[in-house]
Amino acid sequence: MRGLSRRPEGLRNMDISLAQRGQISAEPCNICNRELAKYACPSCNIPYCSLTCFRSEKHDQCSERFYRDQVQSDIKTTSASAEERLKMMELLERFEESNEEETALEDDMEEEDPLAQSLKGVDLDSVSPDDLWNMLPEEKRAKFIKAMEDPSSELTQQLLADKGLLHNRFMPWWESGGDAMAKRPAAMNIPHAMVGRMPKEGPSLVYNVCAVCVAYAYVCRHFQVSPLSDASKEEAEEMKGVLSNVAHFITDRKSTVVYTSLSAVVTDIHSRLGENQVSSNAFSLILQDASKILRPRAVTEVMTVTEPDESGNIVPDSHPNEAVILALSDLARLYGHGDSDSERLAQKRGDMATDRKLWFYAARVLCMPTMTLRVLADEVFAESKLIVSEPCGSGQSEGSFSVSVRSQSRAVIEEL
């Protein structure tokens, strides 16, 4: 053997004899399945096309044994010098040691990472949460449950601080800014006649609109779906169940609830979410979401809200209060709002009543002065900061939801 990089004599002779015979020239390589086979393995007789395929992982058992046998054969050859034999012995020794190290490493990985073994071959993008949970080892489930029960634990804080999670965090449509590729809800076409009939007297619904936006932001964050029209049928039904609790006044046909202050909105939604259901940081984020949805556009096309299109509808694409209308439109589509008669007939009776209420709120928002919504957005944002800055009450953990109810007897905003 003249040098360590030389191909074993047996392999070279085998290649020549098979190529000359032409026994397998019409058969594809059984390793890469791309080229015609030129050779056959002397151990398993599998047809292959090149040395690369012979050495591949799919064929490593035969190739490793073949090279080891060839090296041992060359060592025993009388023509080999003492120096060559020594080099070949060193080569064989390193080969055996590397195989032992790889085997030991694989064994260690199997022993140290049962989670990887449990999830081996699982498509994490398509597997359901329930199936994934059942695949987890018992100790992993217990560790996860313990972390969820103690938001202040070291493991939970590590998960929350993970840069990968922050990088891949959920981003709803109202945070997309000027991204033209971001998907936004389709705006409903509001009949001009409905806007014209808006009562000039009566209770202000500005805080009810605020409550709808808070509930909408919570559902989007909770289900991590934006817009809601992307939800599956199963998710849509779950979302309706959450909304019937958090925003009961739009799902209950007989409800006449009118909020008169932001503290009333916060207190009611907090009580309906349940104690410790949402942390103070999470609820602060939801209020910031609502503030962004409520805030009118600073620069917008000059238009009159009462100008309908050719079909008699008002299309609010250029309206300064467009974001609120988009949120209401997204909710309306969740409850089965459609443009065709067949889609409307398919609506449930309760869903149809909710849909009509959302249309009514959208028409009301078209008539609201931008200054009213701008002041409301500022108030909601200030409340979001106050919730985080206030200390937790007694009996509550650091990460639990905490909000103080201020004795605010009258609304900060009067509808202009």
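Confirm whether Ser400 is surrounded by 14 or more Cβ atoms within 10 Å (Cβ to Cβ), at pLDDT below 65, over 18 Å from Pro227 (Cβ atoms) and not acidic (Asp, Glu).
Details: surrounded by 14 or more Cβ atoms within 10 Å (Cβ to Cβ): yes; at pLDDT below 65: yes; over 18 Å from Pro227 (Cβ atoms): yes; not acidic (Asp, Glu): yes.
Criteria met by Ser400.
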task = Kindly check whether there is at least one residue in region 222-237 that is under 17 Å from the mean Cα position of the chain (by Cα), in the same structural domain as Ala332 (by TED's automatic domain parsing) and on the phi > 0 side of the Ramachandran plot.
result = yes
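Yes/no per residue for (1) modelled with pLDDT of 90 or more; (2) touching a Cys at 6+ places or on another chain (Cβ under 6 Å); (3) loosely packed, with under 12 Cβ neighbours inside 10 Å:
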position: Glu149; (1), (2), (3): no, no, yes
position: Ser152; (1), (2), (3): no, no, yes
position: Gly164; (1), (2), (3): no, no, yes
position: Gly178; (1), (2), (3): no, no, yes
position: His192; (1), (2), (3): no, no, no
position: Met198; (1), (2), (3): no, yes, no
position: Gly202; (1), (2), (3): no, no, yes
position: Val206; (1), (2), (3): yes, no, no
position: Cys210; (1), (2), (3): yes, no, no
ask   = What is the one condition in (1) at pLDDT 85 or above; (2) in a loop (DSSP other than H, G, I, E, B) that Val265 does not satisfy?
value = (2)
note = Given the conditions (1) under 21 Å from the mean Cα position of the chain (by Cα); (2) modelled with pLDDT under 85, every one holds for Arg297 apart from (1)
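Here's the yes/no breakdown for (1) in contact with a helix residue (DSSP H, G or I) (Cβ under 8 Å, 6 or more places away or on another chain); (2) surrounded by fewer than 14 Cβ atoms within 10 Å (Cβ to Cβ); (3) closer than 28 Å to Ala186 by Cβ:
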| residue | (1), (2), (3) |
| --- | --- |
| Gly241 | no, yes, yes |
| His248 | yes, no, yes |
| Val266 | yes, no, no |
| Arg272 | yes, no, no |
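The values are calculated or read from the model by the stated rules, or taken from the named source; none is laboratory data. In this text, all values refer to a predicted model and were calculated from it rather than measured experimentally. Note that we place each Cβ from the backbone using ideal geometry, even for glycine, and neighbour counts take in every protein chain shown.
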